Amino acid sequence: MIVRARLLVIVASLAVLAASGCYDPNRVTAPDEVLLLTATPDSIPANGFSTARITARVTTTTTRSLSIAFTSSGGTISTTTGQKPDAAGEASVFLTSDSTPKTVSVTAEVKEDNNVLASRSVTVTFQQASADSLVRLTTSSNQIDADGASSVILRAEVNPASPARAVSFKTTGGSFKLGDPAEIAKDNVAASADGVAQAQLFAPAAAGTALVTVTTVGANGAQGFSASQTITFNPALPDFAALTATPLSISRASGNPINLVAKLSRSIGTVTRGTRVDFTAVNDDTGQSFGRFENLNRSDDTEKATADFVPGATAPVGLATITARVPNTNVSVQIKLDVTN
């Protein structure tokens with residue numbers, strides 16, 4: 001009780017308050033006229049790097065040796081060492097938020113040596129931080145061909161003020177290593193000084209979509225904030241085609257088929273499995289269509305589409321042209337056959 005009563009000497013305004021009975025010197029908690037504590041702002045994002053300035057102002061005309069020390073129930077105080085008030089009677093620290101939303105209490109204590117003469121507390125709220133304020137994800141394209149070789153560049157932008165200087169990329173389709181579909185994660189990619197980290201995503205050989213996610217890496221490898229983009233892998237259609245026929249000459253009366261193989265290819269990567277090829281047969285002299293195509297198979301993993309062509313007993317005799325076309329492209333190829341009696 002004797003220690004706390006010293007506040008009457010320390011704070012000039014307190015003498016008036018005590019005389020009028022408005023302040024009990026036996027209480028540690030002081031009124032604003034004696035010790036004012038403020039937080040600016042009093043609400044900050046829970047992102048692990050936003051800060052609030054905590055300022056304590058003590059009203060005093062004494063020359064005695066006072067210090068103000070700050071503590072907090074959460075977040076990080078810039079210093080917990082006692083500070084001497086400046087000429088205005090003020091001392092300040094910065095409170096850095098945690099990454100978990102919560103409300104914390106910050107306390108300032110006015111001390112003489114180890115004796116607490118007065119204290120005040122103020123609350124600061126760590127609000128849920130929006131992910132896009134911390135990390136953004138953009139792509140060089142959101143659609144590429146599913147050819148097993150085409151790629152997009154993923155660009156993660158991390159808030160430069162964030163202590164997280166690394167990110168991890170993950171994908172539900174494609175891979176981060178050419179030719180290795182199992183490489184679906186790229187961890188601990190360091191961000192540059194301006195907060196940019198990049199990764200190259202390669203397309204799979206099958207059409208579909210992928211959800212690509214970038215996540216900041218927190219302290220001790222803890223997961224931080226995330227951003228996502230969707231990539232569409234379109235069917236990889238061919239740029240070229242070659243057509244073979246076995247045999248090249250056949251008797252219409254034999255009833256035997258001609259085996260057709262359309263070999264598809266691309267300038268980059270491979271043609272998507274299951275690409276359709278349409279076949280037609282026309283007599284060169286009359287322009288008449290004839291015959292039938294059996295056992296049609298769309299392209300396989302070797303980029304080959306196959307069919308059997310049966311001219312039929314009433315097929316026109318002479319040279320004929322078989323054409324193979326890939327729908328929705330300009331790709332077509334022809335081959336000549338000789339139909340005999």
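The values are calculated or read from the model by the stated rules, or taken from the named source; none is laboratory data. All figures in this text were calculated on a predicted structure; none of them were measured in a lab. Cβ placement follows ideal geometry from the backbone for every residue including glycine, while neighbour counts extend to all protein chains displayed.
Look at residue 338 and say whether it is part of a loop (DSSP other than H, G, I, E, B) and exposed (fewer than 15 other Cβ atoms within 10 Å of the Cβ). Steps first, please.
Working: part of a loop (DSSP other than H, G, I, E, B): no; exposed (fewer than 15 other Cβ atoms within 10 Å of the Cβ): yes.
Against the criterion (part of a loop (DSSP other than H, G, I, E, B) and exposed (fewer than 15 other Cβ atoms within 10 Å of the Cβ)), residue 338 does not qualify.
Of the residues 129, 118, which single one is buried (at least 16 other Cβ atoms within 10 Å of the Cβ) and in contact with a helix residue (DSSP H, G or I) (Cβ under 6 Å, 6 or more places away or on another chain)?
Going through 129, 118 in turn, just one is buried (at least 16 other Cβ atoms within 10 Å of the Cβ) and in contact with a helix residue (DSSP H, G or I) (Cβ under 6 Å, 6 or more places away or on another chain): 118.
Being of a type in the set (Gly, Ala, Ser) and either modelled with pLDDT of 95 or more or not assigned by TED's automatic domain parsing to the domain that holds residue 328 (or both) is the filter here, so list the residues in the range 255-284 that pass it.
262, 265, 267, 269, 274, 281
Yes/no matrix, rows are residues, columns are (1) out of contact with any Gly (no Cβ under 6 Å at 6 or more places or on another chain); (2) over 21 Å from residue 208 (Cα atoms):
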position	(1), (2)
255	yes, yes
259	yes, yes
268	yes, no
276	yes, no
280	yes, yes
285	no, yes
303	yes, no
314	yes, yes
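Are any of the residues in the range 174-187 in contact (Cβ under 8 Å) with a residue 60 or more places away in the chain, surrounded by fewer than 16 Cβ atoms within 10 Å (Cβ to Cβ), at negative phi and among the hydrophobic types (A, V, I, L, M, F, W, C)?
No; the residues of the range 174-187 include none that is in contact (Cβ under 8 Å) with a residue 60 or more places away in the chain, surrounded by fewer than 16 Cβ atoms within 10 Å (Cβ to Cβ), at negative phi and among the hydrophobic types (A, V, I, L, M, F, W, C).
Do you know which of the residues in the range 247-266 that are touching a strand residue (DSSP E or B) at 6+ places or on another chain (Cβ under 8 Å) and assigned to a loop (DSSP other than H, G, I, E, B) is nearest to residue 316 (Cα to Cα)?
252
Looking at residue 284, is it farther than 22 Å from residue 296 by Cα and among the acidic types (Asp, Glu)?
Numbers: farther than 22 Å from residue 296 by Cα: yes; among the acidic types (Asp, Glu): yes.
Answer is yes for this residue.
For the range 145-170, name all the residues that are free of Cβ contacts under 8 Å to residues at least 60 places away in the same chain and of a type in the set (S, T, N, Q).
Those that are free of Cβ contacts under 8 Å to residues at least 60 places away in the same chain and of a type in the set (S, T, N, Q): 151, 168.
Of all residues being out of contact with any Ser or Thr (no Cβ under 6 Å at 6 or more places or on another chain) and assigned to a strand (DSSP E or B) in the range 105-115, which is surrounded by the fewest Cβ atoms within 10 Å (Cβ to Cβ)? Just the residue, please. Lay out the reasoning, then the answer.
Initially, the range 105-115 is screened for residues out of contact with any Ser or Thr (no Cβ under 6 Å at 6 or more places or on another chain), giving 108, 110, 112-115.
Now restrict to residues that are assigned to a strand (DSSP E or B): 108, 110, 112, 115.
Working: 108: 27, 110: 28, 112: 17, 115: 12.
The selected residue is 115.
Kindly check whether there is at least one residue in the range 132-143 that is touching a residue at least 24 places away in the same chain (Cβ under 8 Å), in a strand (DSSP E or B) and acidic (Asp, Glu).
No, the conditions are met nowhere in the range 132-143.
Quick check on the range 154-165. Is at least one of its residues surrounded by fewer than 18 Cβ atoms within 10 Å (Cβ to Cβ), modelled with pLDDT of 90 or more, of a type outside the set (A, V, I, L, M, F, W, C) and not assigned by TED's automatic domain parsing to the domain that holds residue 84?
First, the residues of the range 154-165 that are surrounded by fewer than 18 Cβ atoms within 10 Å (Cβ to Cβ): 155, 160-161, 163, 165.
Filter once more, keeping what is modelled with pLDDT of 90 or more: 155.
Still in the running and of a type outside the set (A, V, I, L, M, F, W, C): 155.
Still in the running and not assigned by TED's automatic domain parsing to the domain that holds residue 84: 155.
The answer is yes; a qualifying residue exists.
What's the total number of residues in the range 295-309 that are touching a Phe, Trp or Tyr at 6+ places or on another chain (Cβ under 8 Å) and either over 11 Å from residue 279 (Cβ atoms) or not hydrophobic (A, V, I, L, M, F, W, C) (or both)?
Applying the first criterion (touching a Phe, Trp or Tyr at 6+ places or on another chain (Cβ under 8 Å)) to the range 295-309 yields 296, 307-309.
Now narrow it down to the ones that are either over 11 Å from residue 279 (Cβ atoms) or not hydrophobic (A, V, I, L, M, F, W, C) (or both): 308.
Residues flagged as touching a Phe, Trp or Tyr at 6+ places or on another chain (Cβ under 8 Å) and either over 11 Å from residue 279 (Cβ atoms) or not hydrophobic (A, V, I, L, M, F, W, C) (or both) within the range 295-309 amount to 1.
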